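S.K.: My questions will all concern the structure given below.
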Amino acid sequence: MVPQILPASVYPRAELSSFLNFAPLSYSNLDWISNHERLEGQFCYALIDEDQVKALISCEPENRSAAWLRFFLSQSDGKHAVYFHSLLERALADLSAAGIPNLYALSFKNWQEELFANSGFAAFTRIITLTRPAGAELPADLHPGLSIRQITAEDLPGIEAVDHAAFSAPWQLNTATLQAAFRACSYSTAAILDGKMVGYQMSAASFNTYHLARLAVLPQTQQQGVGSSLALDTIREANARGSTEISVNTQTDNASSLKLYARLGFQQEGRLIPVLVRTVEGG
């Protein structure tokens, strides 16, 4: 029997959910939306052979310019590279038809980077994790005329506008992802200057650690201390909650971001995470 590649949406959900939970080989991107929710996406596919799920992939777009490899799961039968290539080709064809030009992926392990490289992915940048002790000495506020307040769900359209203005396409979050991030984060604030929202941050707490998950500032108000003030306020919140460490991720080629966090006492922690990109032909 020739293996079939089917949209996940047409296959029994219970079988796919079970495969998500117990597949022996598993890759997942950093994502605010769960893999189970991604099963409902237009760009999620199952490879079926001998009436069994052999592999699953999701390549859901975040916007009109960028899709991400959300997950890839496979049976451990020595054929995972074949499954990946077949599923990827189907996803790329549909992404091309939708006009999406690029597919991005993070690589957390050597086997993942090798698998992606053998499938046409190329180096794009690297993600660096930075940490600082939560109780370390803090500089003074860098923008005394700024007000910072917690955001509500009603603020999310404005947050999305700031996000898209501040970030290039691969790093932008769409409405659904921003909503998921807002629900998951325990402290989310907006920076207000002259009555206008000029920046925001979203942070997540986990036991005694704090992660500054998202920080964005409008381009016209960057280099004015807005981002530093948002970060300082977040660090103070982490201190107040008894956190012992705060972390943040950024890209190694984001010089302004690296400078900001270095000024606030953050230092590199752990290995760099490669970010890869695959051009979608015709996208």
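S.K.: Got a sec? Charge dipole of the range 155-283, +1 on Cβ for Lys and Arg, -1 for Asp and Glu; which of 200, 179, 238 is way out at the positive end?
M.R.: The one lying farthest along the dipole's positive direction is 238.
S.K.: Can you tell me the dipole magnitude for the range 1-74 around its Cα centre, using point charges on the Cβ only (Lys, Arg +1; Asp, Glu -1), in Debye to the nearest 20? All intermediate terms of the calculation are to be shown ahead of the outcome.
M.R.: Values: 5 positive and 9 negative charges, 31 e Å.
Rounded to the nearest 20 debye, it is 140 debye.
S.K.: Please give the length that would be gained between residue 147 and residue 9 if that part of the chain were fully extended, namely 0.36 nm times their separation in residues minus their C-alpha to C-alpha distance (nm, one decimal). Mind dumping the intermediate values first?
M.R.: Numbers: separation 138, 0.36 × 138 = 49.68 nm, distance 4.57 nm.
Full-extension gain reported as 45.1 nm.
S.K.: Taking the chain as the reference, fit the longest principal axis to its C-alpha atoms, fit the long axis of helix 13-22 to the helix C-alpha atoms, and give the angle between the two in degrees, 0 to 90, nearest 10.
M.R.: So the inclination is approximately 70 degrees.
S.K.: Using a 7 Å offset from Cα along Cα-Cβ at residue 196, what residues in the range 126-158 end up with backbone N under 19 Å from the label point?
M.R.: Residues passing the 19 Å test: 143-149, 155-158.
S.K.: Oh, and also: Sequence neighbours fewer than 8 away in the same chain don't count; with that in mind, list the lysines whose C-alpha is under 25 Å from residue 79.
M.R.: Answer for residue 79, where 25 Å is the Cα cut-off: 54, 109, listed by chain and number.
S.K.: Related question: Using the heavy atoms of the protein chains and a 1.4 angstrom probe, tell me the accessible area per residue for the range 1-60 in square angstrom. Could you put the intermediate results ahead of the total?
M.R.: Numbers: 3060 Å² over 60 residues.
Heavy-atom accessible area per residue stands at 51 Å².
S.K.: Relative to the first principal axis of the alpha-carbon coordinates of the chain, what is the inclination of helix 80-97, with its axis defined by its Cα atoms, in degrees from 0 to 90 and to the nearest 10?
M.R.: Relative to the chain, helix 80-97 is tipped by roughly 70 degrees.
S.K.: Projecting each Cα onto the charge dipole of the chain (Lys/Arg +1, Asp/Glu -1 at the beta carbon, about the Cα centre), which of 229, 35, 170 comes out farthest on the positive side?
M.R.: 229
S.K.: Give a quick list of chymotrypsin sites (Phe, Trp or Tyr not before Pro) in the range 148-240 that DSSP marks as loop, anything other than H, G, I, E or B, with at most 15 other Cβ atoms within 10 Å.
M.R.: On the way: sites: 167, 171, 182, 187, 200, 207, 210; in loops: 167, 207.
Those satisfying the criteria are 167, 207.
S.K.: Taking the chain as the reference, fit the longest principal axis to its C-alpha atoms, fit the long axis of helix 226-240 to the helix C-alpha atoms, and give the angle between the two in degrees, 0 to 90, nearest 10.
M.R.: Approximately 90 degrees, to the nearest ten.
S.K.: Rounded to whole Å, give me the distance from the Cα center of the range 214-273 to that of the range 119-184.
M.R.: 9
S.K.: Let me ask something else about it. Report the calculated FRET efficiency for residue 253 and residue 98 (r = Cβ-Cβ distance, R0 = 30 Å), to the nearest 0.05.
M.R.: Numbers: r = 28 Å, r/R0 = 0.93.
The computed FRET efficiency comes out at 0.60.
S.K.: Right, next: What distance in nm separates the simple spin-label points at residue 207 and residue 154, each placed 7 Å from Cα in the Cβ direction?
M.R.: About 3.9 nm, to one decimal.
S.K.: Show me the GluC sites (Glu not before Pro) within the range 61-149 that DSSP assigns to loop and that have at most 16 other Cβ atoms within 10 Å of their Cβ. Present the calculation step by step, with values, prior to reporting the outcome.
M.R.: Numbers: sites: 62, 89, 113, 114, 137; in loops: 62, 137.
Of the GluC sites (Glu not before Pro), the ones in loops of the range 61-149 whose Cβ has at most 16 other Cβ atoms within 10 Å are 137.
S.K.: Next up: Please compute the contact order of the chain in relative form: average sequence separation of alpha-carbon pairs under 8 Å and at least six residues apart, divided by the residue count, as a percent.
M.R.: 23 percent.
S.K.: Continuing with this model, one more query. Mind checking the full-extension length gain between residue 240 and residue 186? Use 0.36 nm per residue of separation minus the Cα-Cα distance, one decimal, nm. Mind showing how you got there, number by number?
M.R.: Numbers: separation 54, 0.36 × 54 = 19.44 nm, distance 1.32 nm.
Fully extending the segment from residue 240 to residue 186 adds 18.1 nm.
S.K.: Continuing with this model, one more query. With no solvent and one point per C-alpha, what does the Debye sum give as log10 I(q)/I(0) for the range 23-126 at q = 0.19 Å⁻¹?
M.R.: After summing over all Cα pairs, the log10 values are -0.96.
S.K.: Please return the longest stretch of the chain lacking exposed loop sites, where trypsin sites (Lys or Arg not before Pro) count only if DSSP places them in a loop and at most 11 other Cβ atoms lie within 10 Å. All intermediate terms of the calculation are to be shown ahead of the outcome.
M.R.: Details: sites that count: 109, 271.
Result for the longest clean stretch: 110-270.
S.K.: Then there's this: Taking all protein chains as present, what is the carbon and sulfur share of the accessible area of the chain, in % to the nearest whole number, probe 1.4 Å? The partial results should precede the final answer.
M.R.: Values: 6590 of 13110 Å².
Percent of accessible area from carbon and sulfur atoms in the chain: 50.
S.K.: Also, quick follow-up: Two decimals is fine: what is log10 I(q)/I(0) at q = 0.10, 0.13 Å⁻¹ for the chain, from a Debye sum with one equal scatterer on every Cα and no solvent?
M.R.: -0.58, -0.92
S.K.: If a paramagnetic tag sat 7 Å from the Cα of residue 279 along the Cα-Cβ line, which residues of the range 83-122 would have the backbone N under 18 Å from that point?
M.R.: Residues 89, 92-105, 117-122 fall inside that zone.
S.K.: If you count the DSSP beta bridges with both ends in the chain, what percent of them are antiparallel, to the nearest 5? Don't skip to the end; give the middle numbers.
M.R.: Values: 57 of 64 bridges.
Antiparallel: roughly 90 percent of the beta bridges in the chain.
The values are calculated or read from the model by the stated rules, or taken from the named source; none is laboratory data. Owing to the predicted nature of the structure, the values given are computational and were not obtained by experimental measurement. Positions of Cβ are generated from backbone atoms using ideal geometry, with glycine treated the same way; all protein chains shown enter the neighbour counts. Accessible surface areas use protein heavy atoms only, side chains included; no ligands, DNA or RNA. Shrake-Rupley method; radii C 1.70, N 1.55, O 1.52, S 1.80 Å.
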